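Trainee: Have a look at the structure that comes next, please.
Here, each number is a calculation from the coordinates, and none is a lab measurement. Predicted model only: the values in this text are computed from it and were never measured. FYI the Cβ positions are ideal-geometry reconstructions off the backbone, even for glycines, and counts take in every protein chain you see.
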Amino acid sequence: MPTSRPRPDPVIPDHEVLRKIGGGAYGEVWLARGVTGALRAVKVVWREDFEDERSFEREFEGILKFEPISRDHPGLVNILHVGRSADGVSFYYYVMELGDDVLTGREINPIEYEARTLRSDVKRLPGKRLETEFCIDVGVRLAEALRHLHDNGLAHRDVKPANVIFVGGKAKLADIGLVATRGQRTFVGTEGFVPPEGPGSAQADVYSLGKVLYEIASGKDRMDFPELPDDMPPTLERKRWLALNQIICDVCEPQLSKRRVSSAGDLADSLRRLQEGKRRKRRRPVGAFFATIFTAAALVVGTWEVFKGSPWMNFSGQLGSLIPGDPAPPPVVRPPKAPVPALLKVNSRPEGATVIDSSGEILGTTPTDLISARVGEQVSFRLQKEGYAPVPLQALVPESAAEEPL
């Protein structure tokens, strides 16, 4: 634990130490000026803050491994130099590029400097979500940075908003003093960002990033997950926000075995597709699909079902007659007088079926993202999956879909 006793200012070779600008359980951050006049951030980690020599040296080994890796990816704070105190035992330090100022960006006043972090961005708008496109961009950069870190056998172990700084307006993972070889089970991290299975793994880092994205995209505390924001996005932004929220939910599922996104690469790819407007997968050639079908049509009956509640149970109850060749008429329900927006979600058992709308457009795979519709609208989908006969689905959107997603 950090000592409460006053310490002398650290002496860093070739740097003038100006003032302390941050600190916590794992060291202090100082503002310093190098011999070239460039301002830098210097992290100082004291030996006396650790219970034993082994723990202190393990952290030092982690930063030595990370130092060359840090300069190979734009989503990681660059480590420029690593060293020890003059006596070789009191502390180790590493010199980093300096982040933007919270108010003035790259215009740095050493006397007033305060680093811009995701935490400072959130505090500036308490209880308010940040712009969806900004959240997606941050997510892509950080997920790709974690992928680079994990590919090199390291884990961050404390991904949270305060440890994400901005350099030139771009998000970067910082506070790398916690980086260690993947699998180290020493408990570090911050409550609410650490997954139920504990820290130290690549999957744990991804879970933590999911919670970071939840906070900035919803304006809620990570402990409130999966509550929706108090101010839902406007109509034009809502579809992309819902797609982002689905990715976050896939990452932050409490049970590791049920997480649909558990690697940094999968998360980066999902967010990148969303960023580029490529959420929907390409269609398979029809001939290739039917060539893979085997005698499993009987398995369709009772295995496909549409997500949630009685209005959709008409589908599963009619599946036996909905197999192509024996179409059943859609249920007849009088639509409401005034169209009302609604949201739908299609699921199936087994999952992973391709969902195609009446125009032939692929909407994704089950379970789908939320689909916009109107109360009283006749909706038609077709579900396709290798090894199963295609299944058509038809229904009128009920009024309950306007109250909550169906």
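Trainee: Could you calculate the FRET efficiency of residue 372 with residue 197 from 1/(1 + (r/R0)^6), where r is the beta carbon distance between them and R0 is 51 Å, rounded to 0.05?
Mentor: Rounded to the nearest 0.05, the efficiency is 0.90.
Trainee: Same structure again: Could you sort the peptides 368-376, 387-395, 156-164 by per-residue average Cβ neighbour count (10 Å cutoff), highest mean leading? Working shown, then result.
Mentor: Working: 368-376: 18.3, 387-395: 19.9, 156-164: 24.6.
Taking the mean over residues of other Cβ atoms within 10 Å, the ranking is 156-164, 387-395, 368-376.
Trainee: Obtain the nm distance between the two label points defined at residue 114 and residue 232 by a simple spin-label model: each point lies 7 Å from its Cα along the Cα-to-C-beta direction.
Mentor: Placing both labels 7 Å along Cα→Cβ, they lie 3.5 nm apart.
Trainee: Residue separation times 0.36 nm, minus the C-alpha to C-alpha distance between residue 347 and residue 133: what's the value?
Mentor: 74.3 nm
Trainee: Apply 1/(1 + (r/R0)^6) to the Cβ-Cβ distance of residue 151 and residue 85, taking R0 = 22 Å, and write down the FRET efficiency to the nearest 0.05.
Mentor: Working: r = 32 Å, r/R0 = 1.47.
Here the calculated transfer efficiency is 0.10.
Trainee: May I ask which of 128/258; 43/172; 160/220 have a Cα-Cα span longer than 20 Å here? Intermediate results must be reported in sequence, preceding the final value.
Mentor: Working: 128/258 30 Å; 43/172 16 Å; 160/220 14 Å.
Violating the 20 Å limit, Cα to Cα: 128/258.
Trainee: Would you give the gap between the C-alpha center of segment 102-167 and the C-alpha center of segment 55-82, rounded to a whole Å?
Mentor: Measuring centre to centre over Cα atoms gives 18 Å.
Trainee: Then there is this: Checking the cross-link filter: which aspartates and glutamates have an alpha carbon closer than 17 Å to that of residue 170, excluding same-chain neighbours under 8 positions apart?
Mentor: 72, 97, 100, 101, 107, 114, 121, 131, 133, 137, 144
Trainee: What nm distance separates the two modelled labels at residue 20 and residue 7, each placed 7 Å from Cα along Cα→Cβ?
Mentor: Here the modelled spin labels are 0.8 nm apart.
Trainee: What does the highest-first list of 77-89, 61-73 look like by mean Cβ count within 10 Å? It would help to have the intermediate numbers written out before the result.
Mentor: On the way: 77-89: 14.7, 61-73: 16.5.
For the peptides 77-89, 61-73, the packing ranking is 61-73, 77-89.
Trainee: Work out the FRET efficiency for residue 275 and residue 50 from their Cβ-Cβ distance, taking R0 = 45 Å, and round it to the nearest 0.05.
Mentor: On the way: r = 41 Å, r/R0 = 0.91.
After rounding to 0.05, the efficiency reads 0.65.
Trainee: When you count, for each residue, the other Cβ atoms within 10 Å and take the mean per peptide, how do 348-360, 244-256, 126-138 rank with the highest first?
Mentor: Descending mean neighbour count gives 244-256, 126-138, 348-360.
Trainee: Can you give the net charge of the other residues whose Cβ lies under 13 Å from the Cβ of residue 106, counting K and R as +1 and D and E as -1?
Mentor: -2
Trainee: Between residue 170 and residue 35, what is the label-point separation in nm under the 7 Å Cα-to-beta-carbon projection?
Mentor: Each label point is offset 7 Å from its Cα along the Cβ direction, giving 2.9 nm.
Trainee: Let's see if you can work this out: charge +1 on each Lys and Arg Cβ, -1 on each Asp and Glu Cβ, no other charges. What is the dipole magnitude of segment 76-151 about its Cα centre, in debye to the nearest 20?
Mentor: Dipole magnitude for segment 76-151 comes out near 280 debye.
Trainee: Let me understand segment 15-275 better: what is its radius of gyration from the alpha carbons, and its Dmax, in angstrom?
Mentor: Cα-based Rg and Dmax for segment 15-275 come out at 18.2, 62 Å.
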